[in-house]
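None of the figures in this text is laboratory data; all of them are computed from the coordinates on show. Keep in mind the model is a prediction, meaning the values are calculated, not measured. Positions of Cβ are generated from backbone atoms using ideal geometry, with glycine treated the same way; all protein chains shown enter the neighbour counts.
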Amino acid sequence: MSVLIFAELDEGKIKKSSQEAIFYGAKVAEMTGTSATAIIVGPADDAELASAGRFGATRVLHATDAKLTEPNGMAYATVVAAAVQQEGSKVIVLAKSSLADAMTARLAGKLKAGLAANVIELPNLSNGFVVKTSIYTGKAFAYNELKADTKILAIKKNTITPEEKDGTASVDPFTPALNEADFAISVKSTEKSSGDILLPEADLVVSAGRGLKGPENWEIVEDLANALHAATACSKPVSDLDWRPHSEHVGQTGIKISPNLYIACGISGAIQHLAGVNSSKVIVVINKDADAPFFKSADYGIVGDVFDVLPRLTKAVRAL
Amino acid sequence: MKILVCVTSVPDTTTKIAFTDNNTKLNKAGVTFITGPYDDYALARAVELKEKTGASVTVLNVGEADTEPVIRKCLAIGADDAIRVNAEPTDAYFVAEQIAAIAKENSYDLILMGRESIDYNGGQVHGIVAEMLGIPSISPVMLLDIEGDTAQITREIEGGKESLEAKLPLVLGCQEPIAEWKIPNMRGIMTARTKPLKVVEPTGTDKLTTVDSYELPAPRGAVKMIPAEEAEKLIQLLHNEAKVI
């Protein structure tokens, strides 16, 4: 009956967003009088797997079939569905991500599950099973009642701050039957910037817009991001102009992020841009135009020239 | 080749969202409804494939009668015919069930839709449809080319992208830059009026999720302005006051 958490790996380590999901799942387990089990797919060492215990999981099911080394939403859904069946789980928790999105939908189809995406709080169990989700690209919230027997909660980053404790999870190998049809898509090549902080995972984000005047000027943005250990992002015009890759575009039709800190440099703050970033805890806006609408949605603002302000901020961060 | 494009009718991206009836309904007063921006990319690519290969393009919407202007616009852009499933599209599994039922009847080679609707942002319907049909799903798709029964696809992943190859039939969630949005021309608008739009009643189960109520985010406090000549102070404030660095 345990709550099952799908925890995702990035280069053999449990992703930060998945640590949040484990902690969230453990809290739900506490509320429902059961335990939390994590299902982890792909290569990782035992210490890393057992670290799920620090976030509240008591057990880890580890699926290591060689065919599962590469992320594959369809195959992972088959594995997780088998784990749900073995554990008799009624609640499945995971962190939203591009792999998790692909996996979740297939899983919901297999289990006929009530699905809530972009969950931002622990459920309310006082009258049914109700979860608060972010809708209209962060412009509003909905209280969703999940009526199905099996429930899937896909949580948004920064929904909960994990409190780490001592403890290790016991690790059991998990070897469900795989489905050949899940491997029908062949990956021909992958382009992925390595070593960088993944934007959807980042706690701190430095983002820039057309105010930077050209891709050759991005060094001052990257310098500040490096000093802060932040990820870099950009506005839609910047990705449309190919100054930066689409995977950095945040906004209504790009990536939606909810970091602790979002610093917007030379971005005026169109409503479509705000939609993608307004769940950030703290927003800083730097723009030379004092009338830029973004200042109205910011916590801190500087009216100034990004070419002057950014290098000085970088220096100040390094001096901390 | 037969292509099904599933579209949503959603508030324009500039809409200021508000609710009525004790926060249980969207306040539609003064709201312009548009084709979901991601769905619009899917439709544009479908129409390009139609022009290139002579494919047929059917538009499908799960929605109540007030979505018909959006459906007519899709027909004006170049879809051949349309189906509306007469139901409020509020639960991902329910919506997927409607699409899967239509797809089973008509066996499409390609089912395209946006990566997510911009009202509920779940991004799940394409995957559930594919699971129900027992075929592969891929999202978010940035590039799509079809040769014979094989699709060449570029998909965005976190921090990059990957090139994929898969056999039809497929369900794809689309996003830019798969195609440029298309604007209907006068001839398209005229012919759209007489293109077939079939209305069918929903099938399947009860909804697995319902929304009890809505809420707007609390407004942010007043912005604290820092003079540019004292920009360094910002870092102190982020460190000591906001405690985010």
Every residue from the range B:104-115 that is crowded, with 24+ Cβ neighbours inside 10 Å and either out of contact with any Leu (no Cβ under 6 Å at 6 or more places or on another chain) or at the interface with another protein chain (Cβ under 7 Å from one of its Cβ atoms) (or both):
B:Met113, B:Gly114, B:Arg115
Residues satisfying the stated conditions in the range B:6-19, i.e. among the polar types (S, T, N, Q) and within 13 Å of chain A (Cβ to nearest Cβ):
B:Thr8, B:Thr13, B:Thr14, B:Thr15
Does A:Asp240 fit the bill of being in contact (Cβ under 8 Å) with a residue 12 or more places away in the chain and either within 13 Å of chain B (Cβ to nearest Cβ) or more than 16 Å from the chain's Cα centre (by Cα) (or both)?
no
Given (1) in contact with a Lys or Arg (Cβ under 7 Å, 6 or more places away or on another chain); (2) more than 23 Å from B:Gly160 (Cα to Cα); (3) surrounded by 24 or more Cβ atoms within 10 Å (Cβ to Cβ); (4) not hydrophobic (A, V, I, L, M, F, W, C), identify the lone condition not met by A:Asn118.
(2)
Quick one: how many residues across the range A:246-275 are in contact (Cβ under 8 Å) with a residue 40 or more places away in the chain, within 10 Å of chain B (Cβ to nearest Cβ), under 20 Å from B:Tyr38 (Cβ atoms) and assigned to a loop (DSSP other than H, G, I, E, B)?
2
Mind checking which strands (runs of 3 or more DSSP E) fall wholly inside the range A:121-230 and carry at least 3 residues that are within 10 Å of another protein chain (Cβ to nearest Cβ)?
A:130-135, A:140-146, A:151-155, A:186-192
In the set B:Ile99, B:Ile135, B:Ile118, B:Ile153, the lone residue that is within 14 Å of chain A (Cβ to nearest Cβ), closer than 19 Å to B:Lys73 by Cβ and β-branched (Val, Ile, Thr) is B:Ile118
Under 6 Å between Cβ atoms, at least 6 apart or on separate chains: pull out the pairs that start in the range B:228-245 with a residue that is within 7 Å of chain A (Cβ to nearest Cβ) and end on any residue that is surrounded by 19 or more Cβ atoms within 10 Å (Cβ to Cβ) and among the small types (Gly, Ala, Ser).
B:Ala228/A:Gly304; B:Glu232/A:Ala316; B:Ile235/A:Ala316
If you go through the range A:164-186 one residue at a time, do you hit one that is in contact with a Gly (Cβ under 8 Å, 6 or more places away or on another chain), surrounded by 15 or more Cβ atoms within 10 Å (Cβ to Cβ) and not hydrophobic (A, V, I, L, M, F, W, C)?
yes
